[in-house]
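Everything below concerns the one structure shown next.
The values are calculated or read from the model by the stated rules, or taken from the named source; none is laboratory data. This structure is a prediction, so every number in the text was calculated from the model and none was measured. Quick reminder, even Gly has a Cβ in these numbers, built from the backbone with ideal geometry, and neighbours come from all protein chains shown. For the accessible areas, the whole protein counts, side chains as well, though only heavy atoms, and no ligand, DNA or RNA atoms are used. Shrake-Rupley method; radii C 1.70, N 1.55, O 1.52, S 1.80 Å.
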Amino acid sequence: MKDRSGISLRQFYIMTFGLTIGTSILVIPSGLAHTAREDAWIAALCSLLINLVMVVLYLAVARLYPGKNLYEMLEAGFGRWLGKLISLLYLFYFLILTGTLLGDLGFFMTSEILPETPVEAIQIVFLTAAVVCASLGIVVLARVGELLFPWVLFLFLILVLALIPKIEWNHIKPVLEGGFRPVLLAAYQSSMYQELIVLLTFLPLVKKPRSGERAFLLGTFGGGVILTVIVLLSLLILGIEQTENSTFPAYALAKTINIGNILQRVEGILITIWVLTFFIKISLLYLSILKGLQSVFHLKKQDYLIYPLAVLFVIIAWNTYINTVYVNEIIAKVWGNFAFIYLVFFPLLVYGIALIRRKLAASAAKS
């Protein structure tokens, strides 16, 4: 990251907010409705709480290794060689995630908006913007986020206000008919799709580290509230069957808006919100991978890796996103547990090792 002048608290909050929403705003309602049915909105709230707990864990690890980024924490916690190996596993995880997100972008745009446009063209154009962002560095992305954030909030407010007249409260009844088990299962699966651990790469760049922790928590909370509102509106307006069976329920939700035959066809609002937050998420992953490669291999510069990585992202997108049936199967049965290893298991392990080392050091000092 070229510019190390630092990230302000507001900028870090916005990056956390954008990463939390990312692709989730389009696909989360369907997954939650499939498992939790009418209680999907409760599952969304539980997912928010799980994400907040995970962020508390990340911040606890960061306090044990002040001033270090994610990859440096792993090396300090697990030792030089094992730490590098686990860092490479994280890079693989972020690499596959970025490629899959690009595939998701291409499928959505070609199936819903630009059916005559080759999916490869859309992915390459979008990735070009991410390449420019990666070349300029994290601070420039943070400033771009500041410019985009008011528009995201403004467009979201318009979307919600336009949907309020179409609400049907009977769509979320009965409440907790199947008990808490499906709700908690849906919440667990949903919480594995925000990948907030990426932000540990950039936390040391925040100008006020302690206040940065607060921005991290507030950004997670704000993004989670937006997702919960979208899930709730999808259920209240589309109903459980349409929400569950739609590939992109939030997009279908926006298409229902029609106020006096004047305000209609405003699904572009949702697309704009999604593209803006999606750009933030992809760029953060891109920059984190570059930083990880630099940290693991002790590279002086990372600039010459930008373009090869972009080509690799496109190749992964073309080979992982085969079709929606295949991707939905992977997401439902594999991805949650796979992501759990990186989002919960390894951070817990690093935290536990650090605590044990502190106790052993304290015991040795006393003796």
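Remarks
- Boolean, LEU290 is assigned to a helix (DSSP H, G or I), at pLDDT 80 or above and in contact with a Gly (Cβ under 9 Å, 6 or more places away or on another chain): no
- Within region 196-250, tally of residues that are closer than 16 Å to GLY18 by Cα and in contact with a Lys or Arg (Cβ under 8 Å, 6 or more places away or on another chain): 2
- Those residues of region 344-367 which are over 25 Å from ASN51 (Cα atoms) and open to solvent by 90 Å² or more (accessible area, probe 1.4 Å), in sequence order: ILE356, ARG357, ARG358, LYS359, LEU360, LYS366, SER367
- Only one entry in LEU147, LEU153, LEU136, LEU161 is over 21 Å from the mean Cα position of the chain (by Cα) and free of Cβ contacts under 8 Å to residues at least 12 places away in the same chain, namely LEU161.
- Within region 1-27, the only residue that satisfies the criterion of being surrounded by fewer than 24 Cβ atoms within 10 Å (Cβ to Cβ), modelled with pLDDT of 85 or more and not in a helix (DSSP H, G or I) is SER8.
- When residues of region 164-181 are limited to those that are assigned to a helix (DSSP H, G or I) and in contact (Cβ under 8 Å) with a residue 12 or more places away in the chain, the one farthest from LEU232 (Cα to Cα): PRO165
- Selection status of LEU82, surrounded by fewer than 21 Cβ atoms within 10 Å (Cβ to Cβ) and either farther than 21 Å from TYR188 by Cα or touching a residue at least 40 places away in the same chain (Cβ under 8 Å) (or both): yes
- Contacts under 7 angstrom Cβ, first residue in region 98-124 being without any contact (Cβ under 8 Å) to a residue 60 or more places away in the chain, partner β-branched (Val, Ile, Thr) and open to solvent by 40 Å² or more (accessible area, probe 1.4 Å), 6 or more apart: THR110/THR117; THR110/VAL119
- Selection status of LEU91, open to solvent by less than 20 Å² (accessible area, probe 1.4 Å) and within 30 Å of VAL350 (Cα to Cα): yes
- Only one of VAL206, VAL198, VAL229 that is surrounded by fewer than 21 Cβ atoms within 10 Å (Cβ to Cβ), of a type in the set (A, V, I, L, M, F, W, C) and touching a helix residue (DSSP H, G or I) at 6+ places or on another chain (Cβ under 9 Å): VAL229
- Count - residues of region 66-108 that are among the acidic types (Asp, Glu) and more than 23 Å from TRP318 (Cβ to Cβ): 2
- For beta carbons closer than 7 Å, sequence separation of 6+ or different chains, a first residue in region 18-47 that is on the phi > 0 side of the Ramachandran plot and a second that is in a helix (DSSP H, G or I) and open to solvent by less than 10 Å² (accessible area, probe 1.4 Å), the qualifying pairs are GLY22/THR277; GLY22/PHE278; GLY22/LYS281.
- Test: residue in region 44-56 that is assigned to a helix (DSSP H, G or I), open to solvent by less than 10 Å² (accessible area, probe 1.4 Å) and touching a Pro at 6+ places or on another chain (Cβ under 8 Å): no
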